[in-house]
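Below is one structure, written out as structure tokens; comments come after it.
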Amino acid sequence: MATTDDAELTAALEAETIAVVGCSATPGKAAHGVPKYLQDHGYRIIPVNPTTDEVLGEPAYDSLSDVTEDIDLVDVFRPSAEVSGIVDEVLAREDVDTVWLQLGIRDSESGERVADSGRRFVQDKCLKVEHQRLA
């Protein structure tokens, strides 16, 4: 049930606010570079990382459940084994349109739950690469 169609990926890229679960404060890591790239291209980034207070000049939240602002897309930089719990948090919200799992992160069962809720689900794709290719 993962979204792979370019039209659907392009629609997902129309998001304005992206919560990045696992956003890193360490330059050089993909979980820092990808959100920085997205921020540099006009997206509002909301870091979700319980081990730091701020990333990319934005306050970091401990979990998606703690985010009080509206989120359009959730970008996940956490191990596949953690996806189900993250999806539980997404499904408890009404504002998220897309769940995007970065390269190497897969959970088809969670993807079915996301799709069944009427939202987009992308797995094993880099948001930066797809943005560069489609935007």
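Since every read-out is calculated from the coordinates, none of them should be taken as a lab result. All values reported here derive from a predicted model rather than from experimental measurement. Here the Cβ is made from the backbone with ideal geometry for all residues, glycine too, and neighbour counts use every protein chain on show.
Proximity of backbone amide H atoms, modeled 1.01 Å from N, is registered between Thr3 and Phe121, Val122, Gln123 at under 5 Å, excluding neighbours fewer than 5 places apart on the same chain. Seen from Leu38, the other residues with C-beta closer than 10 Å to its C-beta sum to a net charge of +1, counting Lys and Arg as +1 and Asp and Glu as -1. Semi-axes of the equivalent ellipsoid for segment 29-71, computed as √(5λ) from the eigenvalues of its C-alpha gyration tensor and ordered from largest down, come to 17, 13, 8 Å.
Placing unit charges on the Cβ atoms only, positive for Lys and Arg and negative for Asp and Glu, gives the chain a dipole magnitude near 560 debye about its Cα centre.
When the alpha-carbon atoms of the chain are used, the pair Rg, Dmax equals 13.3, 36 angstrom.
Roughly what would the spin-label model give for Thr52 and Ala92, points 7 Å off Cα along C-beta, in nm? Placing both labels 7 Å beyond Cα along the Cβ direction yields 2.5 nm. Measuring r between the beta carbons of Ser84 and Ala135 and using R0 = 22 Å, the FRET efficiency lands at 0.15. Exposed loop sites here are GluC sites (Glu not before Pro) in DSSP loop states with at most 13 other C-beta atoms within 10 Å. What is the longest stretch of the chain lacking them? Here the longest run is 17-68. Across the alpha-carbon atoms of segment 66-135, the computed radius of gyration and Dmax are 11.6, 32 angstrom.
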